[in-house]
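The values are calculated or read from the model by the stated rules, or taken from the named source; none is laboratory data. In this text the structure is predicted, and so the values were computed from the model without any measurement. Heads up, the Cβs are rebuilt from the backbone with ideal geometry, glycines too, and the neighbour counts pull from every protein chain shown. Calculation scope for accessible area: heavy atoms of the full protein, side chains included, ligands and nucleic acids excluded. Shrake-Rupley method; radii C 1.70, N 1.55, O 1.52, S 1.80 Å.
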Amino acid sequence: MKTILNIIYNLFIFIFLTIITQIGGIIYLISLVVVKKLKCKKWIVFFSFYFVCSLFIIPLIAPIFGREKVMHSDKIKPTNYLTVLLNRNYVNPQLNELLNKTGKELTGTSIEIHYLDANFPFINKFPLLPHLSHNDGKKIDISFIYETKQGIIINQGKSISGYGVFEKPKANEYNQINNCLKKGYFQYDYPKYLTLGKIHHELLFSQKGTKILIKKFLKHKELGKLFIEPHLKTRMNLHNKKVRYQGCRAVRHDDHIHIQLR
Ligand SMILES: [Zn+2]
């Protein structure tokens, strides 16, 4: 009985780590073998092995699979470094180039690109949950731009994860969220559980800053689609055909922008 429970426990950890980090599950299994032979603490072995792989080995192997880490610069940073530690920061070279070009065009402004979930390092069609479509190196989520009450742009978000704090429709704006929820798409609202804690309550959504960022992305022909909630598309007066609605089967996009290559 104890053995069965142990197998179920290890299977659960394997699945969880695979869903969260892609490589974590396999590293966990290897750690179990190593621990048996060396008789040392399992989690010390796992974390040591995991960090060495994530920081030094995976970035070298990922290009064989057509992926690379999002390149950081003065203008390009992760919203939360957990994205990097969990290997959720891989894109194909073309998307890196698009980010890089857009970042350079923001020179002279106070706007920075703060990215959220991108893709895992390996295997097309391996989804990066909860984003079903982030499975080919061509997609990445980008944080909104926020400002102070005085209108000064601050490159910080309103939640620790970067997801789940919504810029909701105003009373006079079209409410697509209620529309989806009424139709029974209960998952539409789920990012509210993914904040990992709300921060910077004083910050306001920067309509101007976010619009500048979106317009910079839209200039590039490599950009295929950009998803944002309809009320924000209207509020920012965006008419480009690449600005689309993701549909009720996805989750609401009034906490971040999703961009993808053609
Ligand atoms: Zn996305």
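Compared with the dominant principal axis of the Cα atoms in the chain, helix 24-38 is inclined by about 20°. In this Cβ point-charge picture (+1 for Lys and Arg, -1 for Asp and Glu), the stretch 96-196 has a dipole of about 280 debye about its Cα centre. Compared with the dominant Cα axis of the chain, that is its longest principal axis, helix 207-218 is turned about 70°. Taking the Cα centre of the stretch 11-72 as reference, the dipole from Cβ charges on Lys and Arg (+1) and Asp and Glu (-1) amounts to some 320 debye.
The per residue volume of the convex hull around the alpha-carbon atoms of the stretch 1-141 is 116 Å³. In this simple spin-label model, placing a label point 7 Å from the Cα along the Cα-to-Cβ direction at both L11 and H220 gives a separation of 4.4 nm. Once the Cα atoms of helix 93-105 and of the chain are each reduced to a long axis, what angle between those two axes, in degrees from 0 to 90 to the nearest 10, is obtained? Taking Cα atoms only, the helix is inclined about 40 degrees.
The slack between N178 and Q150, meaning 0.36 nm per residue of separation minus the straight C-alpha distance, is 6.9 nm.
FRET efficiency for the F65 to D189 pair, using the beta carbon distance and R₀ = 30 Å, is estimated at 0.30. Adding -39500 (n - 2.57) for every DSSP H run of four residues or longer, then dividing by how many residues the chain holds, sets the calculated 222 nm ellipticity at -10500 deg cm²/dmol.
Stokes-Einstein, applied to the Kirkwood radius of the stretch 168-262 over Cα pairs at a viscosity of 1.567 mPa s and 4 °C, places its translational diffusion at 90 µm² s⁻¹. Heavy-atom accessible surface of the stretch 1-111, averaged per residue, reaches 60 Å², computed with a 1.4 Å probe.
Which aspartates and glutamates does K170 reach when only Cα atoms under 14 Å apart count, and residues fewer than 8 places away in its own chain are ignored? Candidates past the 8-residue exclusion: E229, D254. The stretch between I19 and L32 holds 2.8 nm of extra length on full extension. This uses 0.36 nm per residue minus the Cα-Cα distance.
Taking 28 Å as the limit for the C-alpha separation, the pairs K104/K211; K39/K77; K77/K219; K75/K242; K192/K221 exceed it in the case of K39/K77; K192/K221. With both residues required to sit in the chain, DSSP beta bridges show an antiparallel share near 80%. Remark: the stretch 1-160 carries a charge dipole of roughly 740 debye about the Cα centre, counting +1 on each Lys and Arg Cβ and -1 on each Asp and Glu Cβ.
Local charge for G24 was computed over the other residues whose Cβ lies under 14 Å away, with Lys and Arg +1 and Asp and Glu -1, and equals +2. Assuming R0 = 25 Å, what is the FRET efficiency of F47 and L82, from their Cβ-Cβ distance, to the nearest 0.05? Calculated value: 0.95. Label zone (C40, point 7 Å along Cα-to-C-beta; backbone nitrogen cut-off 14 Å) within the stretch 1-31: 31. Within the listed set F186, F14, F166, the Gaussian network model of the chain (springs between alpha-carbon atoms below 10 Å) gives the highest mean-square fluctuation for F186.
Rounded, prolate or oblate for the stretch 65-124? Axes are the square roots of the Cα gyration tensor eigenvalues, ordered a ≥ b ≥ c, and the cut-off for rounded is a/c under 1.5. Taking the square roots of the gyration eigenvalues as a ≥ b ≥ c, the stretch 65-124 is oblate.
Take the Cα coordinates of the stretch 67-225, assign each an equal point scatterer, and use the Debye formula without solvent to give log10 I(q)/I(0) at q = 0.18 Å⁻¹. For the requested q values the scattering log ratios are -1.26.
When both the stretch 73-119 and the stretch 176-205 are represented by their alpha-carbon centers, they are found 23 Å apart. Judged by a Cβ-Cβ distance under 4.7 Å, the unpaired cysteines of the chain are C40, C53. Of all lysines in the structure, those lying under 25 Å Cα to Cα from K42, and not within fewer than 8 positions of it along the same chain, are K2.
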